[in-house]
Structure formats: structure tokens, C-alpha cells
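The values are calculated or read from the model by the stated rules, or taken from the named source; none is laboratory data. For clarity, every value in this text was computed on a predicted model and none was experimentally measured. Cβ: placed from backbone, ideal geometry, glycine included. Neighbour counts: every protein chain shown. The accessibility values were calculated without ligands, DNA or RNA, using every heavy atom of the protein model including side chains. Shrake-Rupley method; radii C 1.70, N 1.55, O 1.52, S 1.80 Å.
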Amino acid sequence: MTVFEDLESQVRSYCRNWPVVFDTAKGSRLTDVDGNQYLDFFGGAGALNYGHNPDVLKKPLIEYLTRDGITHGLDMYTSAKGEFLSTFEEVILKPRDLQYKVQFPGPTGANAVESALKLARKISGKEALINFTNAFHGMTLGALSVTGNSMKRGGAGIPLVHSTPMPFDNYFDGKMPDFLWFEKVLDDTGSSLNEPAAVIVETVQGEGGLNPARIEWLQGLRDLCTRKGILMIVDDVQMGCGRTGPFFSFEIAGIQPDIVTISKSISGYGLPMALVLIKPEYDQWGPGEHNGTFRGNNPAFVTATHTLRNWWTDDTLEKETLRKGEKVEEAFNKIIGDNQGTEMFTKGRGMARGIQFEGEGLAEKVASKAFEHRLLLETAGPNDEVLKLLAPLTTTDDELDEGLGIIAESVRTVIGS
Ligand SMILES: *Cc1c(COP(=O)(O)O)cnc(C)c1O
């Protein structure tokens with residue numbers, strides 16, 4: 001381990017919680033260099049919805065590499081990109097009656113968010129943005145400016161300006177009617193609110209602690225944006241690609257955002273890839289106005305195409321995700337029932353689930369206890385108070401039972417001690 005501690009920057013983080021050297025991985029399991037196996041309920045922070053190295057993707061990827069298919073291609077037309085685009089239209093957009101132009105912004109979620117914010121400002125000619133309390137949108141300056149976490153914002157080293165936070169759904173525990181504040185300050189010429197170009201929102205806040213927005217809230221936000229001429233950006237980087245059930249997390253609300261950001265699990269294989277989906281009338285970019293060397297990660301296009309063909313041509317995965325999500329919710333409720341002395345509650349939607357602990361450091365202690373039992377889990381929320389389950393959607397029922405058993409045991413140990 002010394003090479004990491006000696007040479008790698010202090011900025012490293014996940015590895016501090018899981019101080020072993022991983023070597024191989026398959027499905028929902030990782031193996032370290034000593035041959036120990038770990039169950040993965042972390043799922044690459046949402047980048048591994050289909051597990052590690054799935055054979056249905058590995059095979060076409062290896063074939064593509066073997067025949068010297070283009071690896072790097074900037075934004076050149078390639079057969080791999082063409083196949084991805086037509087498959088995405090056929091399998092995802094058309095059946096949902098969605099019309100979006102597709103931008104490849106560079107291969108990270110933050111890059112997709114930066115593009116979305118730039119485009120919204122260009123379209124509207126306004127610079128102000130609305131974000132929501134406890135949002136997470138990435139670590140570059142524009143994305144940080146709409147991110148809530150004060151530690152992460154502090155890393156910017158400069159003032160993060162031009163965004164105004166509004167309360168996310170249920171911020172006041174249901175004590176304040178929705179949008180009372182947002183709509184009031186929008187209408188009040190004395191409020192000092194700068195006219196916003198766009199709102200950026202997650203339908204379920206991942207890093208923010210698995211806070212789901214209600215369907216009515218999302219519909220209300222869409223309606224408010226339409227009435228006030230504000231662009232609506234849904235950041236589906238973590239909750240998209242089936243994490244909450246449907247391919248797009250906003251489908252349950254029947255709304256159409258103006259701009260959508262997608263990344264994490266879009267390649268299906270953990271390869272870097274990102275998309276910005278833009279309503280055609282808003283595709284107002286000039287050629288090269290947003291650029292990047294790695295916009296054409298062609299091996300990722302290949303695995304993304306096969307991901308769509310394998311998992312998204314019917315609703316099997318969506319139904320399974322909802323079913324497994326309920327199973328997790330039930331297990332979490334049982335854990336809460338069995339440990340009545342400590343206040344806890346469940347959060348999330350689909351296979352993005354969490355338990356919030358009302359006691360300092362408890363969620364982190366449970367996660368580290370779980371790691372002793374060789375289960376990977378992370379924490380979320382402004383004070384890391386939420387134990388976060390983001391297991392691959394392909395995790396089997398047996399694996400789920402095994403991991404949920406470890407969580408129950410870990411909670412019991414931590415709270416009992
Ligand atoms: C992870 C994440 C991002 C940032 O993606 P990176 O690839 O880490 O830059 C943006 N938005 C949301 C909602 C995310 O979960």
C-alpha cells in the first residue's frame with residue numbers, strides 16, 4: 001500500500017475507507033490481491049449499474065479492439081458513434097416520444113453539467129442560475145457553483161457566484177407549501193433575485209443524501225419554469241440509466257426537461273462517457289463552441305450500444321429494479337424496527353436507497369463495520385449521515401440478501417456498542 005501513501009496525492013478519498021488493493025471484479029463482487037472477495041453495494045458511485053465487466057459488453061468490446069476499431073476520434077464521424085446514436089434514438093428516445101439532440105461534451109458528468117450551464121446562459125442571455133439545497137453537480141467551477149456541500153465549494157478557492165439556492169422538496173419537512181418561496185421571490189421586484197437562465201435539479205439527490213423529489217414537486221417545477229420562461233435542466237448523471245427504475249429518472253413525473261445531463265452508467269462498462277440532451281430548438285451551439293479531446297471515446301460507444309440493446313429493449317430491467325428496490329426498503333425498515341433505540345429512517349427511490357441515522361458518525365461507523373464483513377458501501381448527505389446503497393442493478397437476490405444481512409449485523413454491532 002505504501003506506493004499509494006507515498007506517491008498519490010492526499011486528495012484520494014474512497015481508498016481511505018477501503019484500504020486494500022483491488023485486482024479483479026465481476027458482477028457485484030471485487031477481489032483483492034490477496035484473493036479476498038468483497039460484495040459491491042457502492043457500484044462505482046452509480047457508474048456500474050450493470051456490474052463489473054459484464055460478458056455481454058466485454059465480448060463486443062474485445063472484438064472491436066481486436067479488429068482495430070477507432071479508439072480515439074475527437075468528434076469525427078465513426079461507425080461506433082453512428083451505431084450508438086441510432087440505437088439511442090431507436091431504443092430510448094422514440095419509445096418515450098422524446099425529441100432531443102445529442103451532444104458529446106467530454107467524458108465526465110461535470111463536463112456535461114458545464115456544457116448544460118453554458119448553453120442555458122447562451123440561449124437565455126442571462127447569467128443567473130437556480131440550484132437546490134444539498135444538490136451535487138460536479139467538481140469543476142461551474143458545476144461547483146450549483147453544488148451545495150460547503151467543503152466541496154471551499155475547494156474552489158474563489159467565490160462561486162451567479163447561483164441562488166432554493167429549497168429542494170421537503171426541505172422544511174412539509175411545513176411550507178411548495179414553491180411558495182421560489183415563486184414569491186421570482187414575482188417580487190423587490191426580492192433582489194437575479195432573473196435566472198435556468199434551474200438545475202436532480203430528481204433524487206444522490207450525494208446530497210438520497211432525497212427524492214415527489215412527482216408533484218417535479219411537475220410543479222416544470223410548470224413554474226414554463227410559466228416564467230426559465231430553462232429546466234435535469235441532472236440525471238447518477239439517477240439516470242435506470243437507477244430509479246425507468247431509463248430517465250424524470251419519466252415518472254411525465255415531464256420533459258429542456259436539457260438533460262447523462263454520464264456515469266451510460267457506457268454500461270464503467271468507461272468514461274457523457275451526454276447532454278438538448279431540445280432541438282435550444283441546440284444553439286456554434287461549431288466547436290464547447291470542445292474537448294476525449295469527446296469521442298469510441299470503445300465506450302460500443303459498450304453503450306450493447307447496453308441499450310441488452311437491457312433496454314423491454315421493461316424487464318425496470319421492473320426488476322423496482323422490485324429489488326422494494327426488497328431493500330423492506331429490509332431497511334426491518335433493521336429500523338429491530339433497533340428502536342436509535343432514530344433512523346429510509347430514503348431513496350428504486351435501487352438508490354439509504355438509511356439516515358440521527359446520531360453523529362453512525363452511518364460512517366456502520367459502513368466501516370460492513371467493510372470488515374467485506375461489503376462496500378458509502379455514505380452521503382451533508383454530514384455523511386446517510387448509509388447509501390447503490391448496488392449494481394444486476395445484483396442477484398441472493399447477493400442482496402447476503403449484503404442486507406451484513407448491513408443488519410453491522411447496524412446491530414454499531415448501535416449495540
Ligand atoms: C457524479 C455526478 C456528477 C459529476 O460527474 P463526474 O463524472 O464525477 O464529473 C454530476 N452530477 C451528479 C448528479 C452526479 O452524481
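For this structure, a couple of remarks:
- Theoretical ellipticity at 222 nm over the chain - DSSP helices of four or more residues, -39500 (n - 2.57) apiece, nearest 500: -11000 deg cm²/dmol
- Segments 373-381, 182-190, 25-33, 205-213 sorted - mean Cβ within 10 Å per residue, highest first: 205-213, 373-381, 25-33, 182-190
- Stretched out straight at 0.36 nm per residue, the stretch from LYS175 to ASN53 would grow longer than its current Cα-Cα span by 39.3 nm.
- In region 312-413 the Cα-Cα distances spread across 10 Å bins starting at 0 as 16, 51, 27, 6, 1 percent of all pairs.
- Kirkwood-based shape ratio for region 374-417, expressed as Rg/Rh from alpha carbons: 1.01
- Taking a Cβ cut-off of under 10 Å around ILE262, the surrounding Lys, Arg, Asp and Glu residues balance to a net charge of -1, with basic ones at +1 and acidic ones at -1.
- Each Cα pair of region 106-160 feeds into the Kirkwood radius, which the Stokes-Einstein equation turns, at 10 °C and 1.306 mPa s, into a diffusion coefficient of 138 µm²/s.
- Cα convex hull of the chain - mean projected area over all directions, nm²: 21.2
- Placing pseudo-labels 7 Å out from each Cα toward the beta carbon at GLN37 and LYS184 gives an inter-label distance of 5.7 nm.
- Violating pairs (Cα-Cα greater than 24 angstrom) within the set LYS122/LYS264; LYS94/LYS319; LYS319/LYS388; LYS264/LYS365; LYS184/LYS347; LYS26/LYS59: LYS122/LYS264; LYS264/LYS365; LYS184/LYS347
- Measuring max minus min along each principal axis, the C-alpha atoms of region 40-87 give extents of 37, 22, 20 Å (largest first).
- Cα convex hull of region 44-146, projected area averaged across orientations, nm²: 9.2
- Accessible area of the chain divided out per residue, in Å², using a probe of 1.4 angstrom: 45
- Rg/Rh (Cα only; Kirkwood hydrodynamic radius) as it applies to region 69-311: 0.96
- For LYS279, the aspartates and glutamates whose Cα falls under 15 Å of its own Cα, not counting residues fewer than eight places away in the same chain, are GLU89, ASP97, ASP235, ASP258.
- Using a probe radius of 1.4 angstrom, the carbon and sulfur fraction of the accessible surface of region 1-116 is 55%.
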